[in-house]
Each structure stands twice: as structure tokens, then as C-alpha cells.
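Participant: Structure incoming, see below.
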Amino acid sequence: MVAALSASSLGEVSWVDGGLPQVRGVVPLVRAGRPALAFTYADEAVARAVAAAPRVALSITEPRSTGGAFRPLLMTGPPRLVEDPDGEVYGADLLVQELHRYPPSRIFADSPLLQREHWWYLSRLIVEIEVAAMWPLAARTSIEDHLLVVADDDIPAVHVTPVLQTGPDSVEVVPEGHVPAGPAVLFGQDASFPDLERWSQWRYRGHWDGAAFRVEEAPARTGLGPVPGLMQRWRRQRELRRRCVEAIPRS
């Protein structure tokens, strides 16, 4: 498990919140032999929602920019939140991993000088997962491959499936094996490899009846967005800083 996680690139964390399945693209890291997700304080709401779930599922299905030990896996277990507003845990245990595997982090933390200037980037909400069960999972080999996540009580049931056809009210999918009926999400993501400067995520929300996915909410767009210009990059970095600084607790 640790070798596969360390050799992965992007992953997905799934959980159930208020009876509804949720999915978020993440960069899986490893801390003390456990999967770990290091959210910036800009994503405080997401981090706390994931940590509050009784059980979460972490999937690694993206085969691009991976190492030789990578294999697609699904890991489930209870989460634990480690609040790290000073960035000490992140800096000691996770920073080097993220610099290696998520190139955009190098803009903010690739040297002691950058780390001092962007202190707010090192402040993290770390969600660790105590893995209770693990299964092999199919890799997503094209942008048409999505995660079908169904709320099975308080546990997310996760399957990889190609999207064959989309319509205003339904999406044709063919997941392998038995998928329980319930509220569902079809989650897709794509990124510009190897730099990962662009990273798009989208969701179809609806209901899986055991044979078909009925759409209740469709994404505004799917696929990878356009290359950002200089001003767009600058605004994006300023917005990230603002959101982090506003959320970091002050002593």
C-alpha cells in the first residue's frame, strides 16, 4: 500500500455527508505508514467534512506520472484530523513528498526563502486514514473513465466506469460488479501532466438505481480548461493566499 501510494500521482477521496456522496480530487501522501491528505486552510471546509465522516474511501486510479510500484487501489477506513496551523507536521513529514509529486507547490515552498515568504502555504489540515480494508481497482485510462460513488448508508461505494453517453436526464455507464442503489456522484478529473498546472474536476449528481444513473445536476463543463495567462495565475495565487490567511487560526 505505502509503495503504491508513494508512486501515485492524483487520487480521489470519497465520503458521505448528510446521506449524500461527496468526492474530491487529492494528492495522496503518506505519514507514519498511513495515507494522508494535506489540505491548505483555503480548503478548510472540505478537510473538516472529510475528517467528520465515519468512514472514507481513498482511491488511486490515475496511471499518468506514476512510478513503477504504482497499482490502482481502493482503501477505506476511519479518518483522523491533525490540525497543523504552524506547518510543523507538514514541513517535517509531508512537504518533500508534495514538492516531488505536485509541481505547483514548488512555487510556494521549494526553498527556505519561499517557505518564509509563503508561510500560509505550509499551514495545513492533515487528514490521516486508518486503512481497515483495501481492494484492487481499475485504472482510469481515458478522460471518459469516471468514479461512480454511491452512498451505501454512511459508507461510499466506489467503482470505476466509462461514461458512454450523456443526456439531459441520464448518463450511460457500465460499472463492473454489483453497485448498490442510492444517491450517487459521477466524478471525473483531468490534469496537465507532468506540470499539473491545470487540474480540472467535475461531477454529475443524481441517483443510481442499480442499472442506470439519473442526473439531477450536471457540471457546467467537463475536461481540461484552457492554459491560464499571467494575470490569471497571479490572481489565482493571490486568492489562494487570501483564503488561507483568513482561515488560519490566530494564537
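Readers should treat all values here as calculations from the given coordinates under stated rules, not as data from a laboratory. Bear in mind the structure is a predicted one, so any value in this text is a computation, not a measurement. Reconstructed Cβ throughout: ideal geometry from the backbone, glycine too, with neighbour counts over all protein chains shown.
Participant: Please give the residues of region 226-251, grouped as numeric ranges, whose backbone N is less than 19 Å from a label point set 7 Å along the Cα-to-Cβ vector of ILE107.
Facilitator: Residues 226-246 fall inside that zone.
Participant: Neighbouring Cβ atoms within 10 Å as the yardstick, rank HIS118, HIS100, HIS146 fewest first.
Facilitator: Details: HIS118 18, HIS100 11, HIS146 27.
Going from least to most buried by this count: HIS100, HIS118, HIS146.
Participant: Angle, helix 230-247 long axis vs. longest principal axis of the chain, Cα atoms, 0 to 90°, nearest 10?
Facilitator: 80 degrees
Participant: Please list, in order, the residues from region 1-22 whose amide nitrogen is less than 20 Å from a point placed 7 Å along the Cα→Cβ vector of GLU176.
Facilitator: Inside the label zone: 1, 4-5, 8-14.
Participant: Something else about it: Sorting ILE129, ILE155 on the 10 Å Cβ count, fewest up front, what's the list? Don't skip to the answer; put the middle values down first.
Facilitator: Numbers: ILE129 23, ILE155 19.
Placing the least packed residue first, the sequence is ILE155, ILE129.
Participant: Further, regarding this structure: Quote to one decimal, in nm, the extra length available between PHE193 and ALA7 on full extension: 0.36 nm per residue of separation minus the C-alpha distance between them.
Facilitator: On the way: separation 186, 0.36 × 186 = 66.96 nm, distance 1.49 nm.
Result for the pair: 65.5 nm of gain on full extension.
Participant: Counting other beta carbons within 10 Å of each residue's own, what order do ASP190, ASP145 fall into, fewest first? Mind dumping the intermediate values first?
Facilitator: On the way: ASP190 21, ASP145 16.
So the ranking, lowest neighbour count to highest, is ASP145, ASP190.
Participant: Now a separate question. Please list, in chain and number order, the residues 5+ apart from SER170 or on another chain whose amide H is under 5 Å from its amide H, with Hs placed from the backbone.
Facilitator: Placed amide hydrogens put VAL215 under 5 Å from SER170.
Participant: Under the 0.36 nm per residue contour assumption, what length would be gained going from the current alpha-carbon distance of VAL131 and ARG48 to full extension? Intermediate results must be reported in sequence, preceding the final value.
Facilitator: Working: separation 83, 0.36 × 83 = 29.88 nm, distance 1.86 nm.
Value of the extension gain: 28.0 nm.
Participant: I want to verify a result. In a Gaussian network model of the chain, Cα cutoff 10 Å, which of these has the top mean-square fluctuation: ARG140, ARG203, ARG241?
Facilitator: Taking springs between Cα atoms under 10 Å, the residue moving most is ARG241.
Participant: Rounded to the nearest angstrom and ordered from largest down, what semi-axes does the equivalent ellipsoid of the chain get from its C-alpha gyration tensor (root of 5λ)? Intermediate values should be presented prior to the final figure.
Facilitator: Working: eigenvalues 176, 81, 63 Å².
Largest first, the chain gives 30, 20, 18 Å.
Participant: Given points 7 Å out from each Cα along the Cα-Cβ axis, report the ILE143 to VAL96 separation in nanometres with one decimal.
Facilitator: That separation, rounded to one decimal, is 3.7 nm.
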